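What follows is calculated from the coordinates using simple rules that are stated; it is not laboratory data. These numbers were taken from a predicted model, which means no experiment stands behind them. We place every Cβ from the backbone using ideal geometry, glycine too, and count neighbours over all the protein chains shown.
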Amino acid sequence: MRNIIDSELASIVTLLIFLAILPTSLSTYGVRTLSVGLLYGLAAVGFNILYGYTGLISFGHAMFFSAGAYGLAIGLVKMGLDPVQSLLMALGLTFIVAIITGYLSLRHTEIYFAMLTLAFAQLMYSLILKLRDVTGGDEGIYNIPRLLGSVESYYYLILSIVSIMVILAWWLVRTPMGLSFQTVRDNPDRARALGINVSRVRLLSYVISAYYVSLSGILYAPLHRAITPEIAYWTFSALIVMMTILGGSRRVIGAFIGGLIFIYINTFATGFTEFWQLIMGVLLAAIVYLAPNGLVGFIEGVVRRVR
Amino acid sequence: MEHGYFIAQLFNALYYASILFLISSGLSLIYGIMRILNLAHGALYMLGAYVTYTVVVEWLGINPFSMVLAFISSILVVGGVGMFIERVLLKKLYNKPEDLQLLLTFALIFILDDIVKMIWGAQYKAFPVIPGFSIDVMGFKIPVYLISATALGLLVGFVLHWFFTGTTYGRMIRAAAYNPEVASTLGINVDRIFTISFGLGAALAGLAGGVAVPLYTASPGMGGDAIVYSFAVIVIGGMGSILGAFVGSLIIGLIRVLMALVFPVFEIALVYMVMAAVLLFRPRGLFGREVRGRK
């Protein structure tokens, strides 16, 4: 057991070191793509705290991504606040959204929970779409300042934050709190019998998960420099779910790799043919049959067999 | 506000509700019988729209007869695609975690979207005119097509209700949905029932696309909104209930069209507020049975 735990941390650190060296051999465009990959990875890791480790499937995590991105962008562009104030506003907005939707959605589990999160996320999407004065409506918000001069330096800012957050997640799921998440996932009744406050544990996991995804959105806005309501739409929520399952929901590193790989499959397929969605779809479908535990689960299986 | 304009909008609302009902009854049926949340249902609706467009605008010309043929084509093509998906792809996943079914149906959205783009191109496909003549209602022209489409939705609702309650095969499907193991020991071919049910659900989405395309135009992304409004419909009405899908569609159709008139900022928001409220206070929906989901 000890061995496996160490090997996951070792893999995470190796991957992060690789990601720190990689930009030296990439174009600015390549670095931008990799930055988005890191942010998708971060979002998937956060989603997976709730999904893989607490056993709740949310279909509305786009609302946290957009709470972060819109919170920051509204502060910076529409209200003319400085970056720190804007950051605080984004974090505050995330808190309000997460607490309210979490408290209400967690009255249910399984599909009813998923449907409630979907309803709240779509509610948020519709408000972003319609409150034009604040959010820019379907045009979104553009001319968001980059905060750090070049794409490359911003990449290293993202990488440092993402590294901390991913290792933090690795650590979190091994703390008593993280273990209580997993107890609630595996057997809520037994968790209750053990004296675990199941609803509080779920809400805690929900809010932590929300903050990971929100942070991803916060970092995304200055990278992309323009945001549109698409980041609040249900397909983006679904994408976060799919990236996580693609990489493998049983491990922190699985979700992270899922996000990273996703953007590369996307870029590869887009460069290869105008019908990139078809390739994406076929690859996702192939995962279902060939690697039902995700890519990381698949690799683990191969390693175990070789040993 | 003029009364005539209001009544014209009411016809639009009923037409929209009828389309929503056709899509969501299929979605609800598939969920109710097989416990599969078919994310690709909106993509099947889109496919139906393109099929009807091709048959009518590109092949036969706009007249009532070709519309009927086109609807039948949409039903057959999309129903066939649905049966293929169930037989070849979904059948292998019944004993696996439900996440995999979700992932597969999500992947199908990508695949179907691009297949449509390959065949029909990325540009919008609009009918040059609305089929049929219009009648005058208080100074506003209401296309008879709108009224017939609404009537068609009603008719399909009655036929489905009759099929599931009044025919032996319909009862067999319900038995298979209620308890597949027991049903198969009673000699019911559950495998075939699942294939047919998925095909029927898909066919309803296809028909919905056909009915919608003369006014709403066909485009590669049109399934995205359709599926999420259908989720709202079946949650409000009760997942698995045909009557629920019917009432849910009416509620959402009326909310959207009426709110667009009086309070456009909340046109979409109110739909999801109602959806959330139903989930919170009556999770089984207005007409759903007690919750008995597979764990």
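Below, the figures for the structure above:
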{"read-out": "Sorted by Cβ density within 10 Å, fewest first, the residues B:Ile196, A:Ile100", "value": "A:Ile100, B:Ile196"}
{"read-out": "Under 16 Å from B:Lys96, Cα to Cα: lysines that are on another chain or at least 8 residues apart", "value": "B:Lys295"}
{"read-out": "Spacing of the two label points (7 Å from each Cα toward its C-beta) at B:Val88 and B:Ile72, in nm", "value": "2.6"}
{"read-out": "Rounded to the nearest 20 debye, dipole of the range A:93-193 from Cβ charges on Lys, Arg, Asp, Glu", "value": "320"}
{"read-out": "Euclidean distance between Cα centres, the range B:78-128 to the range B:28-58, Å", "value": "9"}
{"read-out": "Using alpha carbons only: equivalent-ellipsoid semi-axes of chain B, gyration tensor based, whole Å", "value": "31, 23, 18"}
{"read-out": "Crossing angle, helix B:3-34 versus chain B [Cα axis fit, 0-90 degrees, rounded to tens]", "value": "10"}
{"read-out": "Dipole magnitude (debye, nearest 20) for the range A:191-307, charges at Cβ of Lys, Arg, Asp, Glu", "value": "640"}
{"read-out": "Alpha carbon centroid spacing (whole Å) that separates the range B:194-272 from the range A:35-56", "value": "30"}
{"read-out": "Cut-off 13 Å between beta-carbons: net charge of the residues surrounding B:Leu10, Lys and Arg +1, Asp and Glu -1", "value": "0"}
{"read-out": "Exposed GluC sites (Glu not before Pro) absent: longest stretch of chain B, with sites in DSSP loops and at most 11 other Cβ within 10 Å deemed exposed", "value": "B:3-289"}
{"read-out": "Inter-chain shielding of B:112-118 (mean C-beta neighbours from other protein chains, 10 Å cut-off)", "value": "4"}
{"read-out": "Inter-part distance where the range A:275-307 and the range A:198-236 are each reduced to a Cα centre, Å", "value": "26"}
{"read-out": "Total formal charge among the other residues, if their Cβ is under 14 angstrom from that of B:Gly221, Lys/Arg +1 and Asp/Glu -1", "value": "-3"}
{"read-out": "Cβ-based charge dipole, the protein assembly as shown, positive-most Cα from A:Leu131, A:Ile141, B:Tyr229", "value": "B:Tyr229"}
{"read-out": "Size of charge dipole - the range A:175-225 - debye, nearest 20, with Cβ of Lys, Arg +1 and Asp, Glu -1, no other charges", "value": "80"}
{"read-out": "Computed Kirkwood radius, in angstrom, where 1/r is averaged over Cα pairs of the range A:160-307", "value": "17.5"}
{"read-out": "Positive dipole terminus of chain A, leading residue within A:Pro176, A:Ile299, A:Thr33 (C-beta point charges)", "value": "A:Pro176"}
{"read-out": "Inter-chain Cβ neighbour average for residues A:120-129, partner chain, 10 Å", "value": "5"}
{"read-out": "Burial ranking of peptide ranges A:56-68, B:72-84 (average Cβ count within 10 Å, highest at the top)", "value": "A:56-68, B:72-84"}
{"read-out": "D_trans [Stokes-Einstein, Kirkwood Rh over alpha-carbon pairs] for the range B:90-134, 37 °C, 0.692 mPa s, µm² s⁻¹", "value": "241"}
{"read-out": "Label point distance in nm, A:Thr33-A:Val134, each placed 7 Å from Cα along Cα→Cβ", "value": "3.7"}
{"read-out": "Ratio of Rg to Rh over the range B:229-295 (Cα coordinates, Kirkwood Rh, two decimals)", "value": "1.03"}
{"read-out": "Amide H partners (placed H, <5 Å) of B:Gly238, local residues excluded", "value": "B:Leu286, B:Phe287"}
{"read-out": "Label-point gap, in nm, between B:Ile62 and B:Ser184 - each point 7 angstrom along Cα→Cβ", "value": "5.0"}
{"read-out": "Farthest positive-ward along the range A:148-307 dipole, Cα basis, beta-carbon charges - from A:Asn187, A:Ala255, A:Tyr233", "value": "A:Asn187"}
{"read-out": "Partners for B:Lys125 among aspartates and glutamates (Cα-Cα distance below 16 Å; same-chain residues under 8 apart left out)", "value": "B:Glu58, B:Asp113, B:Asp114"}
